[in-house]
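Worksheet for the structure shown next.
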Amino acid sequence: MRATAIAHPNIAFIKYWGNRDPRLRLPLTGSISMNLAALETRTTVEFDADRNADAFILNGRPASGECLTRVSRFLDRVREKAERQLYAQVESVNSYPSGAGIASSAAGFAALALAASRALGLEWDEAQLSRLARLGSGSACRSIPSGFVEWLPGSRDLDSYAVQLAPADHWDLIDLVALVNPEHKAVGSSAGHNLAETSPLNPLRVAGVPARLELCRQAILQRDFDLLARVTEEDYQWMHAVMRTSSPPLLYWTADTEVVIWHVQSWRQQGHALCVTVDAGPNPHVIALAEEREWALTALRALPGVMDVLVSPVGNGAQLVQAN
Ligand code: PMV
């Protein structure tokens, strides 16, 4: 009763921020992202009749407290569906820094959903796995399908899941993550989502999302980089405007984040196919056409405050590595 799965984090062009139902993680709006092939979480789940509690080992270290509880609660849902009462050991390794706006929880819960369900013998389809992953971390539902993905917000558990908009090889984009601060973030996104509705700007952001989703779908399907850049940059600014005007305010950026944003905008004005987006952390993600890779790497590495740059092409969804 053991299975191993891999999944990749995703970066959203149109962001998920705020829940209609925090327990079921039903989002206020839809969102669109792409998976990141070069970054990976590998998770092995082993259920065992001799265990009397769940254990979670993250990057080689036993987890405790809230981190373990979150994984254990998630396993409860899988146990309930499989009608089995067995505890498990979960071992998870990330190939990139956790909790720094690189959505480690998205890849983590996507890999856990696939490995845990298969270890208990459940052969679920993509929509079922996406719904399950969503219960662990909202954006994890987008790491189940491959390539460019849209989360259909739905209105209840059954109809809130992610679907593929286009496969990974549809468009040769890359994400360059400029690491300005690889530390673990102070306020996690689960707590952050609960603050969204305290911002007077939240209704305005939410009202604008359907139009931005439509433009983003169009940009991806037609491989229109200018349109993608415009709508992506508009959208993350709205999310951070809501964060900054929440009560208490959420400030994820540092001065180094601003430096990267400022330069990316000026490089685009010079004709480079680059744009920027920022999640719930300080590290900007620079989205670019793959042909800009070398130029962008050199330019980003030369900026003050940029400690390293992770580069990734568009990735597949969650995949089973082994089950027995
Ligand atoms: O899935 P969560 O609860 O970690 O929320 C992720 C929220 C953002 O990364 C900021 C935006 C997104 O859509 O990925």
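Readers should treat all values here as calculations from the given coordinates under stated rules, not as data from a laboratory. Keep in mind the model is a prediction, meaning the values are calculated, not measured. Positions of Cβ are generated from backbone atoms using ideal geometry, with glycine treated the same way; all protein chains shown enter the neighbour counts.
General observations
- Amide hydrogen proximity for N316: with H placed 1.01 Å from N in the peptide plane, the residues at 5 or more positions away or on another chain lying under 5 Å are G147.
- On Cα atoms only, tilt of 65-82 relative to the major axis of the chain in degrees: 60 degrees
- Normalised by the number of residues in the chain, the average gap of Cα pairs under 8 Å and 6 or more apart makes the relative contact order 26 percent.
- Using the Cβ-Cβ distance between R293 and A191 with R0 set to 45 Å, the FRET efficiency works out to roughly 0.80.
- Computed over the chain, the per-residue total of -39500 (n - 2.57) for DSSP H runs of n ≥ 4 gives a 222 nm mean residue ellipticity of -11500 deg cm²/dmol, rounded to 500.
- The length gained on full extension between D50 and R73, counted as 0.36 nm times the residue separation minus their Cα-Cα distance, comes to 6.3 nm.
- 0 to 90° range, to nearest 10: angle between helix 255-269 axis and the chain longest Cα axis: 60 degrees
- Sequence of Y236, Y16 once ranked by neighbouring C-beta atoms within 10 Å, starting from the fewest: Y236, Y16
- Computed from label points 7 Å out along Cα-Cβ, the spacing between V163 and Q270 is 4.2 nm.
- Positive-end ranking of M307, S64, Y16 along the dipole of the chain, with charges on Cβ about the Cα centre, is headed by S64.
- Amide H contacts of L165 (H built 1.01 Å from N, in plane; Pro and chain starts excluded): F148, V149, E150 sit under 5 Å, all sequence-distant by 5 or more or on other chains.
- Diffusion coefficient, µm² s⁻¹, Stokes-Einstein with Kirkwood Rh over alpha-carbon pairs of the chain at 20 °C and 1.002 mPa s: 109 µm²/s
- Charges were assigned to the Cβ only: +1 to each Lys and Arg, -1 to each Asp and Glu. The resulting dipole of the range 69-172 about its Cα centre is roughly 440 debye.
- Angle in degrees between helix 225-244 and the longest Cα principal axis of the chain, rounded to the nearest 10: 70 degrees
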